[in-house]
Amino acid sequence: LSALIISGLPTDRFLFTGFPPRERKALQEWLQQLRKQDATIICYESPHRVAKTLTAMLELWGDRDVAMVRELTKRFEEAARGTISECLAWLSEHPPLGEYCLVVAGANASDAKDLEGDDKPWWTELSLEEHVSRYEGQNLDRKEAIKLTAVDRGLAKRDVYNEIMRK
């Protein structure tokens with residue numbers, strides 16, 4: 001509740017979901033189930049998976065407002081607020097430490113309408129190079145952008161790297 005209050009996001013309706021699933025497929029299904037949820041969504045995430053989870057949220061939910069809060073009520077309490085892409089950029093400059101509480105804005109009416117019947121990932125129409133460039137545009141280095149592109153598409157990192165380097 002402390003994270004919700006300092007997030008600056010709506011507090012009238014919220015849903016606490018615990019930890020997201022670890023495996024990619026289960027995470028995608030979990031996010032699909034929550035994508036039209038209009039209440040503020042609260043979950044925990046480990047420092048090792050926080051960027052992966054935020055990236056998956058960005059893919060399926062769009063660039064919603066989020067607060068990443070850690071060490072609540074402790075000496076090194078920290079909160080980063082902004083859009084999901086801004087928080088991903090922040091994480092690239094500040095390596096995650098400790099468990100995070102993620103507080104994510106729920107879908108608004110126009111988001112829910114845009115999401116209806118749209119089961120395709122955001123990158124479907126992009127070439128591999130455009131896909132990597134999109135992640136680089138979020139202030140990720142090339143290596144991390146290639147890795148995330150490979151994860152998105154279910155490919156080996158080396159295959160994405162080789163394809164990008166041919167051009």
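With protein chains left intact and a 1.4 Å probe, residues in the stretch 35-167 average 54 Å² of accessible area per residue. From most to least packed by mean Cβ count within 10 Å, the peptides 87-93, 70-76, 147-153, 33-39 give 147-153, 87-93, 33-39, 70-76. In loop segments of the stretch 1-52 as defined by DSSP, the GluC sites (Glu not before Pro) with at most 11 further C-beta atoms inside 10 Å of their C-beta are 23.
Would you work out what percent of the accessible area of the stretch 15-167, with all protein chains in place, is carbon or sulfur (probe 1.4 Å)? Roughly 48 percent, rounded to a whole number.
Out of all DSSP beta bridges with both ends in the chain, state the antiparallel percent to the nearest 5. Roughly 85 percent of the DSSP beta bridges within the chain come out antiparallel. Non-local amide H neighbours of residue 37 (under 5 Å, H modeled in plane, Pro and chain starts lacking H): which ones? Placed amide hydrogens put 107 under 5 Å from residue 37.
Amide H contacts under 5 Å for residue 15: 40, 41, 42, restricted to partners 5 or more places along the chain or on a different chain, H placed in the peptide plane at 1.01 Å from N. Considering all C-alpha pairs of the stretch 33-167, those separated by over 22 Å amount to 42%.
The values are calculated or read from the model by the stated rules, or taken from the named source; none is laboratory data. Model, not experiment: these values are computed from the prediction. No Cβ is skipped: glycine too gets one built from the backbone with ideal geometry, and neighbour counts run over all protein chains shown. Side chains are part of the model used for accessible areas, which takes the heavy atoms of the whole protein and leaves out ligands, DNA and RNA. Shrake-Rupley method; radii C 1.70, N 1.55, O 1.52, S 1.80 Å.
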